[in-house]
1. For residue B:56, all conditions in the list (1) farther than 30 Å from residue A:120 by Cβ; (2) within 10 Å of chain A (Cβ to nearest Cβ) hold save one; what is the number of the exception?
2. Report, by residue number, each residue of the range A:79-99 that is open to solvent by less than 60 Å² (accessible area, probe 1.4 Å) and either over 20 Å from residue A:42 (Cα atoms) or without any contact (Cβ under 8 Å) to a residue 24 or more places away in the chain (or both).
3. Looking for whichever is in contact with a helix residue (DSSP H, G or I) (Cβ under 7 Å, 6 or more places away or on another chain), of a type outside the set (Phe, Trp, Tyr), within 13 Å of DNA strand C (Cβ to nearest atom) and not assigned by TED's automatic domain parsing to the domain that holds residue A:130 here; the options are A:70, A:57. Which one fits?
4. Given (1) over 25 Å from residue B:132 (Cα atoms); (2) surrounded by 15 or more Cβ atoms within 10 Å (Cβ to Cβ), where does residue B:68 come up short, assuming only one miss?
5. If I filter the range B:45-56 down to residues being near DNA strand D (Cβ under 8 Å from one of its atoms) and touching a residue at least 24 places away in the same chain (Cβ under 8 Å), which single residue comes out as nearest to residue B:24 (Cα to Cα)?
6. Across the range B:103-138, what is the total count of residues that are open to solvent by 40 Å² or more (accessible area, probe 1.4 Å) and not aromatic (Phe, Trp, Tyr)?
7. Quick check on the range B:4-42: of everything there that is within 17 Å of the chain's Cα centre (by Cα) and exposed (fewer than 14 other Cβ atoms within 10 Å of the Cβ), which residue is farthest from DNA strand D (Cβ to nearest atom)?
8. Pairs needed: first member in the range A:125-142, more than 7 Å from chain B (Cβ to nearest Cβ); second member anywhere, modelled with pLDDT of 90 or more and open to solvent by less than 20 Å² (accessible area, probe 1.4 Å); C-beta distance under 9 Å; at least 6 residues apart or different chains.
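The values are calculated or read from the model by the stated rules, or taken from the named source; none is laboratory data. In this text, all values refer to a predicted model and were calculated from it rather than measured experimentally. Cβ sites come from the backbone with ideal geometry, for glycine too, and all protein chains shown count toward neighbours. All accessible areas refer to the heavy atoms of the entire protein, side chains included, with ligands and DNA or RNA removed. Shrake-Rupley method; radii C 1.70, N 1.55, O 1.52, S 1.80 Å.
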There are 2 protein chains.
Amino acid sequence: MQAPKDAVHLLKNAGLRVTPQREAILQFLLDYNGHATVDDIYTSLQDRFPSMSVSTVYNTVKQLSQVGLVKEIGVGDGASRFDINVEPHHHLVCTRCGALFDFYLEEPLRVSVPREAEGFEVEDYHVEVRGICPRCKKQQVS
Amino acid sequence: MQAPKDAVHLLKNAGLRVTPQREAILQFLLDYNGHATVDDIYTSLQDRFPSMSVSTVYNTVKQLSQVGLVKEIGVGDGASRFDINVEPHHHLVCTRCGALFDFYLEEPLRVSVPREAEGFEVEDYHVEVRGICPRCKKQQVS
DNA sequence: ACCTAGATGAGAACGATTCTAAACTACAAC
DNA sequence: GTTGTAGTTTAGAATCGTTCTCATCTAGGT
């Protein structure tokens, strides 16, 4: 039996209670093509849930992360972003406009733990590549 | 002529005005063995500069970053850290206690820019390895 | 239909950082 | 040395993302 892909079943399979807000938030992330911030989610769902609080969005995305349905990515200083792509992957970040692009490593990283951290147990890693995205490059006054 | 290593000359060579606060902040970072936060700097210099404002620390570390004398590293959510080690290097982060360790890659990363980001101009990259540091591993109740 | 653990909502609180505006000072020019 | 001024510092307010509190509400098992 394959795991179903609609929000309700994903929530149930993860052992989370199904509430309208959670369903909407997860569905939003499933439909959203990119890396949404809490505010993206919050403002996009204002129409359907005028009384939903930001706390609910924060609580929900945190729980979705915990059960592995979404991945939190925090690049630089700004707001955290939430990604429905939970496969291990990395990001290109535009230092001009903040745009974010996924990328995959051709081969896994070999980390040589330094002496002073001997015994460090690696859980995972994330590569943040900074640079200028094609759009911003075009807009450069040259 | 080699570039001198004391704070005053470093500031001058970088074209920054030499103020007592700047000198003290840069000297603190030169002496500090690790990754200091703005608060570390601010509280450590309270004795010598009781009236120094946090803004000054923020302004100064920002300028020092801009001229390449220090490197800002932002891992996860907490406060930014500032590193006098400006060589390209990466970090192990303990997910329990937040401890930070430097590490170097054995070979440079090969980044394959995805199609949707064709033309992305890579400036630099930073690898954040998450895991459990040896100290926290020992303290685990098993 | 009922009960209760868990979820929601409104707003306060928080920590990191940035902004503002007035007073001060490094340093180049005289 | 004195002066002028652009750049710096200061205190505190403001901002932003996020977490907390607690009273109300509800999903879902019985």
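1. Against the list (1) farther than 30 Å from residue A:120 by Cβ; (2) within 10 Å of chain A (Cβ to nearest Cβ), residue B:56 comes up short only on (2).
2. In the first step, residues of the range A:79-99 are kept if they are open to solvent by less than 60 Å² (accessible area, probe 1.4 Å); the result is A:80, A:82-85, A:89-94, A:98-99.
Of everything in the range A:79-99, those that are open to solvent by less than 60 Å² (accessible area, probe 1.4 Å) and either over 20 Å from residue A:42 (Cα atoms) or without any contact (Cβ under 8 Å) to a residue 24 or more places away in the chain (or both) turn out to be A:85, A:89, A:90, A:91, A:92, A:93, A:94, A:98.
3. A:57
4. (2)
5. Filtering first and then ranking leaves B:49.
6. Counting residues in the range B:103-138 that are open to solvent by 40 Å² or more (accessible area, probe 1.4 Å) and not aromatic (Phe, Trp, Tyr) gives 19.
7. B:33
8. Correct list of pairs: A:135/A:94; A:136/A:94; A:140/A:132.
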